[in-house]
1. Strictly greater than 22 Å: what percent of every Cα pair in the chain meets that?
2. Rank these residues by their accessible area, most exposed first, probe 1.4 Å: Trp45, Trp32.
3. Compute the accessible area per residue over the chain, keeping the other protein chains in place, probe 1.4 Å, unit Å².
4. Taking 4 °C and 1.567 mPa s as the conditions, I'd like the Stokes-Einstein D for the range 25-91 in µm²/s, using the Kirkwood hydrodynamic radius from alpha carbon pairs.
5. Keeping the other protein chains in place, figure out the carbon and sulfur percent of the accessible area of the chain, with a 1.4 Å probe.
6. Excluding Arg59 itself, calculate the net charge of residues whose Cβ lies under 15 Å from the Cβ of Arg59, where each Lys or Arg counts +1 and each Asp or Glu counts -1.
Amino acid sequence: MPTPVEEAVLAANHAFYNAFRERDASAMEHLWAVEHLSSCIHPGWAPLLGRQTIMASWRAILGSAESPQVEMTDPHVVVMDTAAFVTCVEHLTDATIAATNVFVKEQGEWRLVHHHGSPMPAPPPSRRPASNRMN
């Protein structure tokens, strides 16, 4: 059973994927930290540093007709006082991505300071069809 703090971080993580799925650049911008230095590593990209650069990348991604549809599963949260991270799996049409989202407490809200997505070779066992699972 998640604690109230863990639930709040998971809700922020869920909001991130809702903004991504809905292609809502305004919601995405609200989710990222203002007072802390941020970084982002999109799959296959070089690291991006700073809010302005990161927001430009998200506006380009979300505004593109080729913007991927993403489904997030398997979130796991770790809270460390005023910082937290969530590891999860992103399912795209043609790829599976392992993701880490790092949050900080800022102005009473959990806000992103880092997103990192890395391609996985195959879906994790929990997402494989039942016929492929080993008992």
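1. On the way: 3298 of 9045 pairs.
Pairs farther apart than 22 Å: 36 percent.
2. Details: Trp45 115, Trp32 5 Å².
These residues rank, largest area first, as Trp45, Trp32.
3. Working: 7620 Å² over 135 residues.
On a per-residue basis, 56 Å².
4. Working: Rh = 13.6 Å.
After rounding, the answer is 95 µm²/s.
5. Numbers: 4370 of 7620 Å².
Carbon and sulfur: 57 percent of the exposed surface of the chain.
6. On the way: positive: Arg23, Arg51; negative: Glu22, Asp24, Glu29, Glu66.
So the surrounding residues net to -2.
The values are calculated or read from the model by the stated rules, or taken from the named source; none is laboratory data. None of the values given here were measured: they were computed from a predicted structure. For neighbour counting, all protein chains shown are included, and Cβ atoms are generated from backbone atoms with ideal geometry for every residue, glycine included. SASA here: full protein model, heavy atoms, side chains in, ligands and nucleic acids out. Shrake-Rupley method; radii C 1.70, N 1.55, O 1.52, S 1.80 Å.
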